[in-house]
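Undergrad: Sharing a structure, written as structure tokens. Questions coming.
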Amino acid sequence: MRNFLCALAGIFVFAIGSAQTEEELKALQGPKKDSIAAIQGRVDALQAQIDALPGWKKGAFGTIGGSLSSFSNWYSQGFPNNSSGNIGFTVNAFANLNQDKFFWRNSGNVNLSWVKLDDEDDPTDSEDFREATDVFNISSLYGRKLSEKFAISALGEYRTTILNNFNDPGYLDLGVGGTWTPIADLVVVIHPLNYNFVFSSEDDIFESSMGAKIVADYTRKIGAVNFKTNLSAFQSYKSSNLSNWTWTNSFGYTLWKMIGVGFDFGLRNNKQEALNYALNGPTPVPTTTFDNLDNKLQTYWMVGLNYAF
């Protein structure tokens, strides 16, 4: 009994000592975290000054996601013998030139993915991958500076799909107006004179028109985080049915060297595309018009490995 009490007392003293040691370590850890935050703040401030210097700034990062699976005699599911897969990637790239009197900003975004679900018990079922996400967008913005934050600018932007129906539809915006750059990484474009060229075999649905173009782009790297968000909107002067907007977002977090995790998502609203799908999709509704169209919000998202160049 005496030995037991001694052992119990020893454990109690050890526990108190460990708790005190942990508290002491946490107390020492606090100032270290504050110091790291202060250092990172100074590094970010220096990086902002570097980004504002004249010259070319180039970069790219992307996300790769995928999964493959195979089931054999897995009777609890609807297709006990099947193979499935999902493969996709995104790439965001930019090349920006900043000079004392002008700037030239160029960017590109590609998001492609393929999926398959092969029911091996059905000989007519396809075993091939099919195209899923299909986004392609490039833009070029030139600005003549009136001040450090405002410029007269001209923009060219082209967007389409490349796996299926390349340039059908395709959209080309050409316009002039003004650009506001309140900070080094944010660009806001307002072009009241813009023509939206629409290329399509369905001329009775898709139509080109004059309108206003608004673009907001924010691209930033903070430590291990890469971030890009882009909103591109066209407001037709002829009809709201010809207006459209697309908002894309990409996040990348580097875990080891240049490899990390990434997340991408996008939203789009386009009545012309929705009407074309309603009339020519897999289940056509011939009576659909712009007036009775069910124009649902278009969305996509992807999570996977990320690689920063």
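Only the coordinates and a few stated rules stand behind these numbers; no lab work does. If you're wondering where the values come from, they're calculated on a predicted model, not measured in any experiment. Note that we place each Cβ from the backbone using ideal geometry, even for glycine, and neighbour counts take in every protein chain shown.
Undergrad: I need the P(r) histogram for region 93-202: all alpha carbon pairs, bin width 10 Å from 0 out to the longest distance, whole percents.
TA: 13, 32, 25, 16, 8, 5, 1
Undergrad: Could you tell me what % of all Cα pairs in region 145-207 have separations over 14 Å?
TA: Taking all Cα-Cα pairs of region 145-207, the fraction more than 14 Å apart is 64 percent.
Undergrad: Based on the mean of other beta carbon atoms within 10 Å per residue, what is the order of 262-270, 193-201, most packed first?
TA: 262-270, 193-201
Undergrad: Tell me, in nm to one decimal, what length is gained between residue 256 and residue 203 on full extension, where the rule is 0.36 nm per residue of separation less the Cα-Cα distance?
TA: 14.1 nm
Undergrad: Right, next: For a test of the definition: using alpha carbon positions, the gyration tensor, and the 1.5 limit on a/c, classify region 183-308 as rounded, prolate or oblate.
TA: oblate
Undergrad: What percent does the relative contact order of region 189-309 come to when contacts are Cα pairs within less than 8 Å and at least six residues apart?
TA: 20 percent
Undergrad: Now a separate question. Under a no-solvent Debye model with one identical scatterer per Cα of region 55-308, what's log10 I(q)/I(0) at q = 0.12, 0.14, 0.15, 0.16 Å⁻¹?
TA: -0.82, -1.04, -1.14, -1.23
Undergrad: Still on this structure, I have one more. Could you pull out the pairs from 58/257; 57/101; 149/271; 149/221; 116/296 whose alpha carbons sit more than 28 Å apart here? Can you show the working numbers first?
TA: Values: 58/257 19 Å; 57/101 16 Å; 149/271 35 Å; 149/221 21 Å; 116/296 25 Å.
Over 28 Å apart, Cα to Cα: 149/271.
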